[in-house]
1. I'd like the per residue volume of the convex hull spanned by the Cα atoms of segment A:274-413, given in cubic angstrom.
2. First check a/c for segment B:161-234, with a ≥ b ≥ c the square roots of the eigenvalues of its C-alpha gyration tensor; if it is under 1.5, answer rounded, and if not, answer prolate when a/b is larger than b/c or oblate otherwise.
3. For chain A, what's the relative contact order in percent, using C-alpha pairs closer than 8 Å and at least 6 residues apart?
4. Taking each residue of B:64-76 in turn, how many C-beta atoms of other protein chains fall within 10 Å of its C-beta, and what is the average?
5. Hey, for residue B:100 with labels 7 Å out along Cα-Cβ, what do the inter-copy distances come to in nm, ordered shortest first?
6. For segment B:6-162, what relative contact order do you get, as a whole percent, if you take Cα pairs closer than 8 Å and at least 6 residues apart?
7. Mind listing the label-point distances from residue B:213 to the same position on all other copies, shortest first, one decimal in nm, points 7 Å along Cα→Cβ?
8. May I ask you to report, in nm to one decimal and beginning with the shortest, the distances from residue B:263 to the same position in the other copies, taking label points 7 Å along Cα-to-Cβ?
2 protein chains.
Amino acid sequence: MPGQPADAVFLHIHQQQRETIMNHLDTLNKHFQKIAQIDHAITFLQWDQLVMMPPGGSRGRAQSIAELTTMRHELLCTPLLGELLAETESDEPLLQRSLTEMERERRQAVSVPAELVRAQSLAGSACEQGWRVQRRENDWQGFLENFNEVVALARQSQALDEYPTPYDALLDLYCRGDDSTRIQQIFTRLKTEIPNIIGEVLEKHADQRAHLLGSFTIDDQKRLNARLMEILGFDFERGRLDVSLHPFSTGARGDQRITTRFRETDFFEALLATAHETGHASYENGLPERWDGLPIGSARNMCLHESQSLLFEKQLFLAPSFLAYFTPIIHEHLPQARQWSAEQICFAAARVEPSYIRVEADEVTYPLHIILRFEIEKELINGTLRPEDIPEIWDAKMQEYLGLSTKDNYTDGCLQDIHWTDGSFGYFPSYTMGAVNAAQLFAAITRDFPDWQASLRQGQTTFIRDWLGRNIWNKASSLDSQEILIQATGEESNPDSFLSHLRRRYTLD
Amino acid sequence: MPGQPADAVFLHIHQQQRETIMNHLDTLNKHFQKIAQIDHAITFLQWDQLVMMPPGGSRGRAQSIAELTTMRHELLCTPLLGELLAETESDEPLLQRSLTEMERERRQAVSVPAELVRAQSLAGSACEQGWRVQRRENDWQGFLENFNEVVALARQSQALDEYPTPYDALLDLYCRGDDSTRIQQIFTRLKTEIPNIIGEVLEKHADQRAHLLGSFTIDDQKRLNARLMEILGFDFERGRLDVSLHPFSTGARGDQRITTRFRETDFFEALLATAHETGHASYENGLPERWDGLPIGSARNMCLHESQSLLFEKQLFLAPSFLAYFTPIIHEHLPQARQWSAEQICFAAARVEPSYIRVEADEVTYPLHIILRFEIEKELINGTLRPEDIPEIWDAKMQEYLGLSTKDNYTDGCLQDIHWTDGSFGYFPSYTMGAVNAAQLFAAITRDFPDWQASLRQGQTTFIRDWLGRNIWNKASSLDSQEILIQATGEESNPDSFLSHLRRRYTLD
């Protein structure tokens, strides 16, 4: 336009570009919110499958979930989405972050084409089905036949060469931001120090610490576990507690479903699982509402997710000051448990003993089980170890780390876990990274609240939830995991706090 | 090809056409099976919403169900589906029937455009929400403001002029095959005869038959109701019993979910609801597997569906011979009920009394409540009655049919039902058509099995399930409702059996 200053023209163009981009952002948000509605359906259909569904429903349920999963994959892989994301960027950091997380989710979907998804799903089902029998029968050769295919398919993702190593591509699905180099460093440190701690503990407590065995009705235990959840801040207007074969936590905004399992002879196991799952559920319900349905609004990664559950279980629930408050509540609900004082319960919970089975391992020996799996699956995916060589290396590492041999004993050795059967390589490290992060976060909380023990002794836990809400939950995926940790604790993941915690809790009486 | 006989060429063309049609059929089947997978998800998300979901989940659940419903509507309305159906026909009667049912489902979806679906859903929600308060407060004027919009939108479907009357278009959604002329005929007969039956009953039993009141724990009742379901042939490997505010039945192949509600003071109400919902569930689980996911494979219509539930509740469970078997089982589970013999329970269950509230009405007066609603909603949708004139006509009909006045009493009059609030016009008749069909089917069963009472007295119900399986369930939507009834009983819906049943059960001691 004649006479109009150049700046105004530029401003006008700039304005138009901004509007286009805002339209794009709106379209993208709606697209991902649509995907989130499908995720909502899948989430609750899976919960129902594990908690409510009668056996006759299996076939129909599998078909429906498969159809919804395909629809979800198609929505992520539509070429239009790729084009729109390629055309859109923002100088507003949070908007740009949101776009980056969208692109990440899109690329992960595109890197596993529909046929590969199907092949993996079939091979995974076959391997898992077989494993249920083969584990019982110590049948490594039978397992290997299916497992070779699972490993081969896991190594076929198109994204593998975008990462420093193929294993890092799988790790990225669960431990986004915590790569294999970082994990290796932390695990090396743990591998050096934990055996010393085990030695100290066993020397001090040659006596075997007893389990708290008795007879406790399931109904009484249910009420006790619900009470624990309330004290830990769980809102039953926004969630449920149910029973399933393996405890888990799932759900959506305002509706967190956690499960536990009860044993008539042991009331403590369910309480630990309930505290653990309450941590997971609290993270999910604490995610900021403004990003609902967007990738930026999801929990950051499994290393942080597991840090929340382990913080609730190991740092909070098992803190002697909290158990001092909670033991009278146990006594109130379970008359048979009145024989044990808070101190006796703490003492029993601090039992340490090298053992074969990961899921039954205590807090001190548990990381060695994880490190063993991390080292093996890394080599497996990077192609430096063949599946058939797993039993030998498993036995060697068990001997080295825990002084136990699994020679010819696959049932209690390399066939004990379900994770590898369906190709979930890269998940194991998050358990121990979670333990490390939990101790580090709890140390920061206790620095910020020097009177924390007095508060816990009165059953007050809100200060912990508020702190985690501000420092972890509210940040969702707007930062990388290590950035979140630095802002919260002043440093990246560092095993110091975890090692101090182990020493403090397990070597002192 | 030179020298080839003309017949062979024709045969070749014919073969090609056949292949094209088989391809089309395959595509169509897959398309409808995909829709069925979405329906599966919606079904169980809605069950969860009513039975399990905490309040905090409402918003997310509504969004997810809305998204899935939109996807379903889009899949039915895609122009490609219409083209494919227009191009495909079959000379194999069952295949052609399958195509006809597909086209029917498509046309019903297309006749309600997406904006109308949304407008109806919004107006329905607003009217239902308001009604919950307005009914309590006897606020007809407040209700009318929302209700005018609900009626107006119900009359906007694009299919209205394809039917003899606009009301028949809505009736077709629930009572497919039973049009307003047929229903009117049957209801006219009932309207004439039922008042005589009521007169006879009240003359004979001037004494008020007592309710079976006492105190019965919910846990005991739960076990008793599950036992009843087992005796009625319900397979708990293929379904569940739960509790909800209003009893209902839903589910999918192999996974029928029924609910009931328990009152501590009255054990009989839950048993009736359980028997009723077991009938619905049995129909659904008895549909033939070969048509899973296809419109031809659905239950025929609500007049038949309700006939199954009422057959289980009124004809089977309340049969004196069955109660003779079941009463000792009641005594076993509920010690407090041991004071009542089977005869006393039958006698109490045969209480008749004209009353205001449909859902509390006895079997004899119930049809009059339905006829009143049918007559009013028919005029409403056909445009010969304005919503504001409902209270006056309601009062007049209540006086005429049941001798009760609802003048100025909207709470116990025209505001008592939820059905109209969300625009479900055309549903009410299925209750009484179901009662008529149930009695007619049961009469046919008793003709085929002259020893039926001896069987029921031993708790044997399989012969009834097998008969219904062959004659009703297995036919799904492969025939019209009246064709199914003719094949099963030798005639179309005929109120004779129902009227005889009422006379037999309620006028004799």
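1. Numbers: hull volume 22.8 nm³, N = 140.
Value for segment A:274-413: 163 Å³ per residue.
2. oblate
3. Result for chain A is 20 percent.
4. Values: counts 10, 3, 1, 8, 6, 0, 2, 5, 0, 0, 0, 0, 0.
Average per residue, whole number: 3.
5. Its label point is 6.2 nm from the equivalent points in the other copies.
6. Relative contact order of segment B:6-162: 20 percent.
7. 5.3
8. Counterpart label points of residue B:263 in the remaining copies fall at 4.6 nm.
The values are calculated or read from the model by the stated rules, or taken from the named source; none is laboratory data. Predicted, not measured: the structure shown is a model, and the values here were computed from it. Heads up, the Cβs are rebuilt from the backbone with ideal geometry, glycines too, and the neighbour counts pull from every protein chain shown. Note: areas computed on protein heavy atoms with side chains; ligands, DNA, RNA excluded. Shrake-Rupley method; radii C 1.70, N 1.55, O 1.52, S 1.80 Å.
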